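The values are calculated or read from the model by the stated rules, or taken from the named source; none is laboratory data. None of the values given here were measured: they were computed from a predicted structure. No Cβ is skipped: glycine too gets one built from the backbone with ideal geometry, and neighbour counts run over all protein chains shown.
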Amino acid sequence: MQFRIVSKILGLMMMAFSLSLLTPIIIASIYQEQTHGTFLFSFAITFSLGMLMWLPFSRINADLRIRDGFLITVMFWIELSLVGALPFILVDTVHLSITDAVFESVSGLTTTGATVITGLELLPKSILYYRQQLHWLGGIGIVVIAVAIMPMLGVGGMQLYRAESPGPVKDNKLTPRITETAKALFAVYLFLTIICSIAYWLAGMNLFDAITHAFSTIATGGFANYDASMGYFNDNVIYIICIFFMAISGISFGLHYYSWVRGNVIHYWRNPEAKMYLSLLFGASTICCAYLYFSNTLSWSESLVHGVFQQVSIMTSTGFATVNFSAWPTFLPVFLIVLSFFGACAGSTGGGIKIGRMLILTKQTLREIYRLIHPSAVFPIKLRNRTVPERVTDSVWAFFGVYLAVFYIVVLLLQMTGLDYLTAWSSTAAAINNMGPGLGDTAAHYGDVNIVAKWILSATMIVGRLEIFTVLVLFTPMFWRR
């Protein structure tokens, strides 16, 4: 393990992140708020810590190894979550405890959207902007953005991209060079954010709300500037815009890039993962709307709007709300939470197990059924006429098994802290799937959850964001052997 080069890169990344603490100062100046000093102080602390990690090893150059990439990825998310909590602790009008501040920071960076804060309308605009900015940075994957400048640092970046990128196939690159890959992803991400902001603004949001809610929409995060979430706006046009951008943000940004370059949207439907994803969105939305209407919960028009919105929001792991969906008939809230396990596509900002893995699991299950009928037959698993290697199917099943094991271990740990089963189960799903809202005591917010449970959920959010194995590999003896 090259600890010196790891320290150098982590320091550089922390210094780069510290610059994001300066943008809320601009917001504070525009709205004449007294939070300049707090953000400047937070910037100074973060930049200084990064400098201390970078300076002693600034002249060391070496190629990154895959193990270095895993360690950098995990440690960067941890250290960023800690320094990202500083404004929440230091701003007087917020003044969260260390536990709550770290929870809010982790939730923002992992694009989970679970919050411990109430009375959002009363917070300074600079803090509201900062919360949404955490979403936006975490959504694209700070490590993926950072590798765009790695060539200037004298180190390679592909290892970081492989460790950070979600989905079952981690070795694919959009372009031959990782720098161009990162730039392509960032360009698509920025373009969608700008278009979403304009759409919200034209639909009636003020400019501040339009930009900040676009941050959390494209990042599939879920933080809002109001306690009522998107329901505050009470506007069907805004809901429809949000549904559209949540849905496309759940599709692989690599697929967006290919379609953009080639100028052909047919690639979306030809992609088996995107096809399954869109089909699930449509089918589950139909079930949700029909159940709301035939159970006399809402009128037909309300069932259509709120049913589709909540289904897309939960399955894409965004977590926005237009109404209190936890008060719907029991089947629907649990149905929606279960959909969050399917999540979005690999290579998107969404959470969950990922549709790509679910697709392979489905094909593998069907193959085993066919083998019972024809024991001697050979049934290869294919995606777009390409045979999926056995190693990939094995890794997907291993991931699925570990995912469920970690999930229920966390549920049991939360119950040990005193949470009831519904709250523990839904909160774990919300954390590990980076989805946000839970049921029971966490349906509205997480402010009343005990301290130990908040730390457990914070760790679960990071584990879920980094797709479990990226974290678990650090706990194996083989990882630390020379």
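Please list, ordered by residue number, the helices (runs of 4 or more DSSP H) wholly in segment 236-306 having 2 or more residues that are aromatic (Phe, Trp, Tyr) and over 19 Å from GLY139 (Cα atoms). Of the helices (runs of 4 or more DSSP H) lying wholly inside segment 236-306, those with at least 2 residues that are aromatic (Phe, Trp, Tyr) and over 19 Å from GLY139 (Cα atoms) span 253-262, 266-270, 272-294. Looking only at segment 394-430, filter to residues that are of a type in the set (Ser, Thr, Tyr) and in contact with a Pro (Cβ under 9 Å, 6 or more places away or on another chain); which one of those is farthest from VAL452 (Cα to Cα)? Across segment 394-430, the extreme among qualifying residues is SER395. Go through segment 76-93 and report how many residues are buried (at least 19 other Cβ atoms within 10 Å of the Cβ) and closer than 18 Å to LEU122 by Cβ. The total comes to 3. For segment 1-30, filtered to residues that are of a type in the set (Ser, Thr, Tyr) and surrounded by 13 or more Cβ atoms within 10 Å (Cβ to Cβ), the residue that is farthest from the chain's Cα centre (by Cα) is SER7.
Of the residues screened, ILE66 is not one that is β-branched (Val, Ile, Thr) and surrounded by 20 or more Cβ atoms within 10 Å (Cβ to Cβ).
Each row is one residue, and each column tells you yes or no for (1) of a type in the set (A, V, I, L, M, F, W, C); (2) surrounded by 22 or more Cβ atoms within 10 Å (Cβ to Cβ); (3) farther than 22 Å from SER348 by Cα; (4) at pLDDT 95 or above.
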residue	(1), (2), (3), (4)
ILE198	yes, no, no, yes
LEU202	yes, no, yes, yes
MET205	yes, no, yes, yes
PHE208	yes, no, yes, yes
THR212	no, yes, no, yes
PHE215	yes, yes, no, yes
THR220	no, yes, no, no
ALA228	yes, no, yes, no
ASN234	no, no, yes, no
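So in segment 103-126, with the set limited to residues that are surrounded by fewer than 23 Cβ atoms within 10 Å (Cβ to Cβ) and among the hydrophobic types (A, V, I, L, M, F, W, C), which one is farthest from the chain's Cα centre (by Cα)? For segment 103-126, the residue satisfying everything is LEU122. Taken over segment 321-337, the criterion of being in contact (Cβ under 8 Å) with a residue 24 or more places away in the chain, part of a loop (DSSP other than H, G, I, E, B) and out of contact with any Pro (no Cβ under 9 Å at 6 or more places or on another chain) is satisfied by THR322, VAL323, ASN324, TRP328, PRO329.
Could you pull out the residue among THR387, THR423 that is in contact with a helix residue (DSSP H, G or I) (Cβ under 7 Å, 6 or more places away or on another chain) and among the polar types (S, T, N, Q)?
Just a single option satisfies the conditions, and that option is THR423.
None of THR73, THR46 is modelled with pLDDT under 90, part of a helix (DSSP H, G or I) and within 27 Å of ILE127 (Cα to Cα) except THR73. Of everything in segment 373-400 that is more than 28 Å from the chain's Cα centre (by Cα) and part of a helix (DSSP H, G or I), the residue that is surrounded by the fewest Cβ atoms within 10 Å (Cβ to Cβ) is ILE373. In segment 444-482, the residue that is surrounded by the most Cβ atoms within 10 Å (Cβ to Cβ) out of those that are of a type in the set (Ser, Thr, Tyr) and within 30 Å of TYR226 (Cβ to Cβ) is THR460.
Answer yes if at least one residue in segment 292-313 is touching a Gly at 6+ places or on another chain (Cβ under 7 Å) and of a type in the set (A, V, I, L, M), and no otherwise. Checked segment 292-313: at least one residue is touching a Gly at 6+ places or on another chain (Cβ under 7 Å) and of a type in the set (A, V, I, L, M).
Taking the options GLY438, GLY447, name whichever one is within 18 Å of the chain's Cα centre (by Cα), closer than 29 Å to SER249 by Cβ and not in a helix (DSSP H, G or I).
After ruling out the rest, the residue left standing is GLY438.
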